[in-house]
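**Q** Please see the structure below; I have some questions.
The values are calculated or read from the model by the stated rules, or taken from the named source; none is laboratory data. Just so we're clear, the structure is a prediction, and the values are computed from it rather than from any experiment. When we count neighbours, we look across all protein chains shown, and the Cβ atoms used for this are built from the backbone with ideal geometry, even at glycine.
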Amino acid sequence: MSSNSPSAANSWLMLLLAGVFEIGYALSVGGSHGFTRLTWSLVAVVFFLLTLWALSVALRTIDVGIGYAVWAGIGAAGAAALGPVFFDESLTAVQSLWLGVIILGVVWLKLADKPSSTEQPADQPKAAQGAGV
């Protein structure tokens, strides 16, 4: 389903935005203390709706398994990296290393989305390709 068209690039940008909204959701849920703080709870609901909307738009052209993995990876790594900034949390060097591995995995998933030179163009029928046309 993935391609290198402008709409595919827009989908990846939307997926990145969905990941940013997911970070906001995770951090605001943490700040809500189990949805007992109204302001944080309302912010969490807004981020939740935004992340689902952006993810659903991105998954129109990105395979769901890849899209979900990238979205979850961005959210998890971002929330873990920003938790110490906003809350009294710690992040060790070893944890930072493994968060870096998650980020590298997300980057490699995006790079793997590019079609190889042996793939058939989407607008060329299979029969025409086999006939040497």
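**Q** In the set V43, V57, which member is modelled with pLDDT of 90 or more and within 26 Å of N10 (Cβ to Cβ)?
**A** V57
**Q** Another question, if that's okay. Name every residue in the range 66-93 that is of a type outside the set (G, A, S) and within 8 Å of the chain's Cα centre (by Cα), in order of residue number.
**A** The answer is Y68, V70, W71, I74.
**Q** Quick one: in the range 36-67, which of the residues that are among the polar types (S, T, N, Q) and crowded, with 19+ Cβ neighbours inside 10 Å is nearest to I23 (Cα to Cα)?
**A** Only one residue tops the list, namely T51.
**Q** While we're here: Need the failing condition index for G78 against (1) surrounded by 18 or more Cβ atoms within 10 Å (Cβ to Cβ); (2) modelled with pLDDT of 95 or more, just the number.
**A** Of the numbered conditions (1) surrounded by 18 or more Cβ atoms within 10 Å (Cβ to Cβ); (2) modelled with pLDDT of 95 or more, the odd one out for G78 is (2).
**Q** Of all residues in the range 13-47, how many are without any contact (Cβ under 8 Å) to a residue 40 or more places away in the chain and among the charged types (D, E, K, R)?
**A** Counting residues in the range 13-47 that are without any contact (Cβ under 8 Å) to a residue 40 or more places away in the chain and among the charged types (D, E, K, R) gives 1.
**Q** Quick check, is V101 surrounded by fewer than 17 Cβ atoms within 10 Å (Cβ to Cβ) and at pLDDT below 90?
**A** Judged against the criteria, V101 is not a match.
**Q** Could you list all residues from the range 54-63 that are out of contact with any Gly (no Cβ under 8 Å at 6 or more places or on another chain), of a type outside the set (S, T, Y) and part of a helix (DSSP H, G or I)?
**A** Across the range 54-63, the qualifying residues are A54, V57.
**Q** Let me ask another. I'm checking my understanding of the structure. Among residues of the range 111-121 that are surrounded by fewer than 15 Cβ atoms within 10 Å (Cβ to Cβ) and closer than 16 Å to D63 by Cα, which one is modelled with the lowest pLDDT?
**A** P115
**Q** So how many residues does the range 32-53 have that are of a type in the set (S, T, N, Q) and either touching an Asp or Glu at 6+ places or on another chain (Cβ under 7 Å) or not in a helix (DSSP H, G or I) (or both)?
**A** Count: 3.
**Q** Which residue is surrounded by the fewest Cβ atoms within 10 Å (Cβ to Cβ), if the candidates are limited to the range 81-95 and must be part of a helix (DSSP H, G or I) and free of Cβ contacts under 8 Å to residues at least 12 places away in the same chain?
**A** Ranking the candidates gives A93 first.
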